[in-house]
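The values are calculated or read from the model by the stated rules, or taken from the named source; none is laboratory data. This one's a predicted model, so the numbers in the text were calculated from it and none came from an experiment. Neighbour counts are summed over all protein chains in view; Cβ atoms, including those assigned to glycine, are modelled from backbone coordinates with ideal geometry.
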Amino acid sequence: MKVHRNIIEIDKSKCDGCGQCVLACAEGAIEIIDGKARVVKDEFCDGLGACLGECPQDALKIIQREADEFNAEAVEEHLEQMKSQSSKKEDPLACGCPSAQIQSFGHSAHKTNKICETHSHSNLGNWPVKIKLIPPNASFLKNASLLVVADCVPPALPSLNETYLNGNVLMIGCPKFDNRDEYVDKFVKIFNTAQIRHITILYMEVPCCSGLPIIINKANDITGKNIQTKQMVIGIKS
């Protein structure tokens, strides 16, 4: 039945398909389709706006319009279908980049991956890896050791996979071009909820990279957690 109610509206011109809103929507009402966020069914959207604050492009807002009533039972069925479909996929990465899909996998998973195999194996243990895309409540963050890496480090440090990834949760970002305040807020939320054990920070020897440890230390100070932190500066010609 159609009713006049609050519901999410997504501005296609602003949406860049980052998937943050998908992660924030507990009802599974939003999906990334053709590179843009979409409300798949009005009856899945409760109109409460939990996804609003997660959009870095400010592409979401709550409006009032005629729409199907929110249907909690339909949402439960929808979530079960999503869970079932996900469990049936042999390779959820499928050589693509489903940035909105949270995944934690054993390090041996890549050793037998014949679809996306480009080297012997990877020690990557989580997905996504971008700081902006990882929700503070991601299961792989619980009691984790973090490897926070400036995004210019991997091409300068060939040994990153073998030396640093194993057993660590990888988080990659750019302290120059990304929003530092958002990063601080993200790490504050993570530190307050995830019981982080240890943090290793890898950043380049260039000035713009020096903001990364500042961000981590500020979040550490705000929370008062005093998480043990190790910093390593990577040379341009490492």
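So is ILE199 surrounded by fewer than 16 Cβ atoms within 10 Å (Cβ to Cβ), closer than 21 Å to PRO135 by Cα and among the aliphatic types (A, V, I, L, M) or not?
Answer is no for this residue.
Read through the list (1) small (Gly, Ala, Ser); (2) at pLDDT below 90; (3) not in a helix (DSSP H, G or I), then give the number of the only condition that GLY53 fails.
Only one criterion is unmet by GLY53, namely (3).
Find all pairs meeting these conditions: Cβ atoms under 6 angstrom apart; at least six residues apart or on different chains; first residue within segment 130-152 and assigned by TED's automatic domain parsing to the domain that holds ASN217 and surrounded by 20 or more Cβ atoms within 10 Å (Cβ to Cβ); second residue modelled with pLDDT of 90 or more and of a type in the set (S, T, N, Q).
Going by the 6 Å Cβ cut-off, the qualifying pairs are LEU147/ASN168; LEU147/THR200.
Just one of GLY19, GLY49 is touching a residue at least 40 places away in the same chain (Cβ under 8 Å), small (Gly, Ala, Ser) and touching a Ser or Thr at 6+ places or on another chain (Cβ under 8 Å); which is it?
So the residue among GLY19, GLY49 that is touching a residue at least 40 places away in the same chain (Cβ under 8 Å), small (Gly, Ala, Ser) and touching a Ser or Thr at 6+ places or on another chain (Cβ under 8 Å) is GLY19.
Kindly indicate whether GLU43 is assigned to a helix (DSSP H, G or I), surrounded by 12 or more Cβ atoms within 10 Å (Cβ to Cβ) and touching a helix residue (DSSP H, G or I) at 6+ places or on another chain (Cβ under 7 Å).
yes
Checking PHE44 against (1) touching a His at 6+ places or on another chain (Cβ under 7 Å); (2) under 16 Å from LEU133 (Cα atoms), which single condition isn't satisfied?
Tallying (1) touching a His at 6+ places or on another chain (Cβ under 7 Å); (2) under 16 Å from LEU133 (Cα atoms), PHE44 fails exactly one: (2).
Tell me yes or no: at least one residue of segment 72-88 is within 28 Å of ILE8 (Cα to Cα), among the hydrophobic types (A, V, I, L, M, F, W, C), modelled with pLDDT of 90 or more and assigned to a loop (DSSP other than H, G, I, E, B).
The answer is no, given that none of the residues of segment 72-88 is within 28 Å of ILE8 (Cα to Cα), among the hydrophobic types (A, V, I, L, M, F, W, C), modelled with pLDDT of 90 or more and assigned to a loop (DSSP other than H, G, I, E, B).
For segment 166-188, give me each residue that is outside any loop (DSSP other than H, G, I, E, B) and either surrounded by fewer than 20 Cβ atoms within 10 Å (Cβ to Cβ) or not assigned by TED's automatic domain parsing to the domain that holds VAL129 (or both).
ARG180, ASP181, GLU182, VAL184, ASP185, VAL188
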